[in-house]
Amino acid sequence: MRSVIDVLDLSVEELDSLIKTAVDIIDNPQKYAHICEGKKLATLFFEPSTRTRMSFEAAMYELGGHVISMSEANSSSAAKGESVADTAKTVSCYTDIIAMRHPKEGAPLVASVNATVPVINAGDGGHNHPTQTLADLLTIYREKGRFDNLTIGFCGDLKFGRTVHSLINALSRYKNNKMILISPEELKLPSYVKKDVLVKNGIEFEQTTDLIGAMPKLDILYMTRVQRERFFNEEDYLRLKDSYILDTKKLEYARDDLSIMHPLPRVNEISVAIDDDPRACYFKQVLNGKYMRMALILMLLKEAGTI
Ligand code: CP
């Protein structure tokens, strides 16, 4: 049974095909409105979410399907000690496809091994968030028209930011991309991502603490929130949380064709004064996420022979 746990579970050709489907959904929504009639998606969220859970649910409804939902860990038998494996086996009896978010890295993989329906990783700890990457890729495609020859600045919490890890993985498969990694010392990109992804694929990258210095070089600035929930120590979080705040003053150093992205939720790292700037793309990412999740649900249900 095909599941998607990591963005690398999808080939470059499959990513292209998902983008093509998403664009067709945007242009011809009525063509897709009944494809999943009688089918069910289960959203199992053991961690808070607004965008990912609701966009998965909206995606299934817009495909004509139904949704069953577990929106917090305490409302399920996980609170009584039920394992992820048993939960996956159980929920497979009620649904055609599962989207799972979990605070423990690897939990959606364990679910996929035990489920009898496709499982989509909707974010696991500080590890991966492949469907946010699909949203990001559709946004880059619609803003820039390409995935190569781009200079991308990743700024903020690069240590715990799972969306950063997934997007670096995805963009490392395309030619001539350069990554500028902007973070405080304590929140640098994990060495396993640097070694296994950037170095292994021969990707040009630099590490810096200087956002303003990097700004003029960037085609894309990918801002991220400092991930309070992953810190062991509240003092460290408070010290680091406002390391980077993108405001109109800093934006004066940017190019006119910069695309400003952020997976959201935002706390302080982008001033609301920037929301109306034509370079701000973060609410476009939110909508693009729904279209790409529709495309992914269709792909996996077709492969499973469910539709
Ligand atoms: N980007 C993202 O994963 O948002 P949520 O946590 O609200 O799902």
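The values are calculated or read from the model by the stated rules, or taken from the named source; none is laboratory data. Values in this document were obtained by computation on a predicted structure and should not be read as measured data. Cβ coordinates were reconstructed from backbone atoms using ideal geometry, including for glycine residues, and neighbour counts include every protein chain displayed. Accessible surface areas use protein heavy atoms only, side chains included; no ligands, DNA or RNA. Shrake-Rupley method; radii C 1.70, N 1.55, O 1.52, S 1.80 Å.
Scanning the range 172-198 for residues being part of a helix (DSSP H, G or I) and closer than 23 Å to E269 by Cα gives a total of 3.
Just so you know, in the range 96-126 the residues that are surrounded by fewer than 22 Cβ atoms within 10 Å (Cβ to Cβ) and of a type in the set (V, I, T) include one that is farthest from I5 (Cα to Cα), and it is T116. In the range 270-296, the qualifying residues are those that are in a helix (DSSP H, G or I) and open to solvent by 50 Å² or more (accessible area, probe 1.4 Å), and the one that is farthest from the ligand (Cβ to nearest atom) is A273. Answer yes or no: is there a residue in the range 252-269 that is of a type in the set (G, A, S), within 24 Å of L158 (Cβ to Cβ), within 16 Å of the ligand (Cβ to nearest atom) and crowded, with 21+ Cβ neighbours inside 10 Å. No.
Which of the residues belonging to the range 139-176 are over 27 Å from S49 (Cβ atoms) and either within 16 Å of the ligand (Cβ to nearest atom) or open to solvent by less than 10 Å² (accessible area, probe 1.4 Å) (or both)? Selection gives L150 alone. Of the residues making up the range 224-252, just one is outside any loop (DSSP other than H, G, I, E, B), of a type in the set (A, V, I, L, M) and out of contact with any helix residue (DSSP H, G or I) (no Cβ under 8 Å at 6 or more places or on another chain), namely L238. Every condition in (1) outside any helix (DSSP H, G or I); (2) in contact (Cβ under 8 Å) with a residue 24 or more places away in the chain; (3) small (G, A, S); (4) open to solvent by 40 Å² or more (accessible area, probe 1.4 Å) is met by G202 except one, and the failing one is (2).
Step by step: first the residues of the range 95-138, then only those that are touching a helix residue (DSSP H, G or I) at 6+ places or on another chain (Cβ under 7 Å), of a type in the set (V, I, T) and not in a strand (DSSP E or B), then the one that is farthest from the ligand (Cβ to nearest atom). Which residue is that? Applying the filter and picking the extreme gives T116. Filtering the range 65-94 to residues that are crowded, with 20+ Cβ neighbours inside 10 Å and assigned to a loop (DSSP other than H, G, I, E, B) leaves only G65.
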